[in-house]
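> Please read through the structure below; I'll follow up with questions.
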């Protein structure tokens, strides 16, 4: 499977984790106080209750250790709370220009160059994995994060979100699900708990690869033009 085709498996079918360049980071404190994590998770709980949608610019870097190569993709992404579930869509800039969608438990990836549409169901065993990744920010509550992951609070930092500098908490996560640990040994996120959004996520694979995702220019709880993210096959899509 190509690097780009790995996206819905690691990010969409797992529902969008991991999409460090471009962020201005000022390292602040070392380790957080032991009880500070409770405060962070409580902030995420409060923000999650108010979360309706988010839209952002996204930059994704995939590093493959065996060939010492990093691929980069840029585009835009949205998260939309749809009842009790989350709908996610993304479109990427040329030359890949792929469009992906996660909706009603199904992930789809469309490649306009080949008119190919891949579909991945998040049912069965994939459902638990998808739910685990949904807790990584953008509406996921702190309570759900703690249920799915063993969390180490690595302290507060200041990070640019593209237009301003905001306080974030650096959390290192180890999944409680062995199947997720088979894909990512651990994931580090930089989360703005006051808004319940992630500015950066880095997934570390057992083979030594990394998947890094950066989110900038985040618009929270504003109308989203879903038509801009529509998958439109040219005639009949190939699969």
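> Please express the shape of the stretch 186-239 as an equivalent ellipsoid: the semi-axes are the square roots of 5 times the eigenvalues of the C-alpha gyration tensor, given largest first in whole angstrom.
One finds semi-axes of 29, 23, 7 Å for the stretch 186-239.
> Can you work out D for the stretch 149-193 in µm² s⁻¹ from Stokes-Einstein, where Rh is the Kirkwood radius over C-alpha pairs, the temperature is 10 °C and the viscosity is 1.306 mPa s?
Reported coefficient: 138 µm²/s.
> Follow-up. Pairs of alpha-carbon atoms within less than 8 angstrom and 6+ residues apart define the contacts here; what relative contact order does the stretch 135-176 have, in percent?
Details: 51 pairs, mean separation 15.7, N = 42.
Once normalised by length, the contact order is 37 percent.
> Would you calculate the convex hull of the Cα atoms in the stretch 35-77 and tell me its volume per residue in Å³?
That works out to 111 Å³ per residue.
> At 37 °C and a viscosity of 0.692 mPa s, what translational diffusion coefficient does Stokes-Einstein give for the stretch 57-205, taking Rh as the Kirkwood radius over Cα pairs? Give it in µm²/s as a whole number.
197 µm²/s
> Considering just Cα atoms, how many Å³ per residue does the convex hull of the stretch 127-213 enclose?
With only Cα atoms used, the stretch 127-213 gives 91 Å³ per residue.
> Ordered by packing density, taken as the mean number of other Cβ atoms within 10 Å over each peptide's residues, highest first, how do 51-59, 214-222 rank?
Sorting 51-59, 214-222 by mean packing, highest first, produces 51-59, 214-222.
Coordinate-derived values only; no laboratory data. None of the values given here were measured: they were computed from a predicted structure. Note that we place each Cβ from the backbone using ideal geometry, even for glycine, and neighbour counts take in every protein chain shown.
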